[in-house]
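One structure is given here, and the rest of the page talks about it.
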Amino acid sequence: MDHTPPPERPPRRLTVLSGGVGGARFLQGVLRLVARTGATTEITVVANTADDLWLHGLKVCPDLDTVMYTLGDGIDVERGWGRRDETWRAGEELAAYGAEPTWFGLGDRDLATHLVRTEMLAAGYPLSAVTEALCRRWQPGVRLLPMTDDRVETHVVIDDPADGQRRAVHFQEYWIRHHAEVPAHAVVPIGLDQCAPAPGVLEALSDADVVLVPPSNPIVSVGTILGVPGVREALAATPAPVIGVSGIIGGDHVRGMARQLLAAVGVECSAAAVALHYGARKEGGLLDGWLVDPVDADAVPALEGAGIRCRAVPLLMTDPDASADIAAAALALVP
């Protein structure tokens, strides 16, 4: 296990590529670290929006909302998503009318966010401006940017349990309705190759002092952010080191469905394989550095040999202080 001391202060400009629950908990740690050190750090979060969906006429942005609620102290901590002290009367009434889908939990407090977002979108505001407006209520302590203002939706190709027919379903249906328990044959982010990065995204990468990749899903969270045209090029060109944290510990994900989706794209479910999937930046990939858990410490020499600085430190984000220690260890990898 590595005992590299953490830096005294986080950098002045920090950019984080984030999915939902894992990214939000990591960001709690980043904010805790900044508070610990008294640093003046501008944190920009580029969040995945390919999990977004339209539901009952409303625009729902699960990853943006999870980050916003978590950092704004409104998240349901036990579930890791949605609002604390939630009620479900509107959803119950929709189900009574037979309005589909009934498998997506739409809480009453959460519903207000989607109503405001949809109303603003209908008035002509882009998603980035809408997100900025919603954050005025939550004060998350970061600048929260959607990866794109354009519509992108991840679909997963499965054999439908109802009839055995192979079809593509929205990622949320795969995850929430089917619990990722049916084999995934392919992951298809529709519209990704035609979208444009949201205002501020490329600048957040090019102007950063450090870019962090938290333990978010490498296929449907970080992977879709990287698929936005111009993002990989901005990461290749930025002078900022790019440091990642493995969400795979001991050969499996801690939470979510990374194992299933890694298999769908032919990548082994291991901390080393995910790092190599991202690739060393000096070889045209993403990473300058990568953290693994001590149970995966045997991967360190191989990843170092592949051109990725690597250390083994405890990676379970049991609370914000543990997440802060992880963030400090990631920054300690900065050359």
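The values are calculated or read from the model by the stated rules, or taken from the named source; none is laboratory data. This one's a predicted model, so the numbers in the text were calculated from it and none came from an experiment. Here the Cβ positions follow ideal geometry from the backbone for every residue, glycine too, while neighbour counts run over all protein chains shown.
Just a few scattered comments:
- Pair list, Cβ < 6 Å and 6+ apart or interchain, from region 99-126 residues that are hydroxyl-bearing (Ser, Thr, Tyr) to residues that are at pLDDT below 95: Thr102/Ala95
- Just one of the listed residues (Gly91, Gly105, Gly74, Gly38) is in the same structural domain as Arg143 (by TED's automatic domain parsing), modelled with pLDDT under 95 and either crowded, with 16+ Cβ neighbours inside 10 Å or charged (D, E, K, R) (or both), namely Gly91.
- Test for Asp150: is it in contact with a Cys (Cβ under 7 Å, 6 or more places away or on another chain) and not in a helix (DSSP H, G or I): yes
- Restricting region 133-147 to residues that are touching a residue at least 24 places away in the same chain (Cβ under 8 Å) and in a helix (DSSP H, G or I) leaves a set whose member that is surrounded by the fewest Cβ atoms within 10 Å (Cβ to Cβ) is Arg137.
- Residue among Val220, Val211 that is in a strand (DSSP E or B), touching a helix residue (DSSP H, G or I) at 6+ places or on another chain (Cβ under 7 Å) and buried (at least 18 other Cβ atoms within 10 Å of the Cβ): Val211
- Pairs linking a residue in region 270-291 that is touching a residue at least 24 places away in the same chain (Cβ under 8 Å) and among the basic types (Lys, Arg) to a residue that is buried (at least 20 other Cβ atoms within 10 Å of the Cβ) and in a helix (DSSP H, G or I), with Cβ atoms under 8 Å and 6 or more positions apart or on different chains, are Arg281/Leu235.
- For region 108-132, a residue qualifies if it is over 21 Å from the mean Cα position of the chain (by Cα), farther than 19 Å from Thr66 by Cα and surrounded by 16 or more Cβ atoms within 10 Å (Cβ to Cβ), and the qualifying residues are Met120, Leu121, Tyr125.
- In region 41-54, the residues that are part of a loop (DSSP other than H, G, I, E, B) and within 17 Å of Ala324 (Cβ to Cβ): Thr41
- Among the residues examined, Ala324 does not qualify as within 19 Å of the chain's Cα centre (by Cα) and under 27 Å from Gln172 (Cα atoms).
- Scan region 214-247 for residues that are in contact (Cβ under 8 Å) with a residue 40 or more places away in the chain and farther than 22 Å from Leu192 by Cα and the total you get is 8.
- Selection count where residues are in contact with a Lys or Arg (Cβ under 8 Å, 6 or more places away or on another chain) and assigned to a loop (DSSP other than H, G, I, E, B), scope region 165-194: 1
- Test result for Ala271, under 18 Å from the mean Cα position of the chain (by Cα) and on the phi < 0 side of the Ramachandran plot: yes
- Helices (runs of 4 or more DSSP H) lying entirely in region 231-335 (those with 1 or more residues that are closer than 24 Å to Val201 by Cα): 231-237, 271-278, 320-332
- Residue selected from region 279-292 under the condition surrounded by 21 or more Cβ atoms within 10 Å (Cβ to Cβ) and not aliphatic (A, V, I, L, M), by the criterion farthest from Arg311 (Cα to Cα): Asp288
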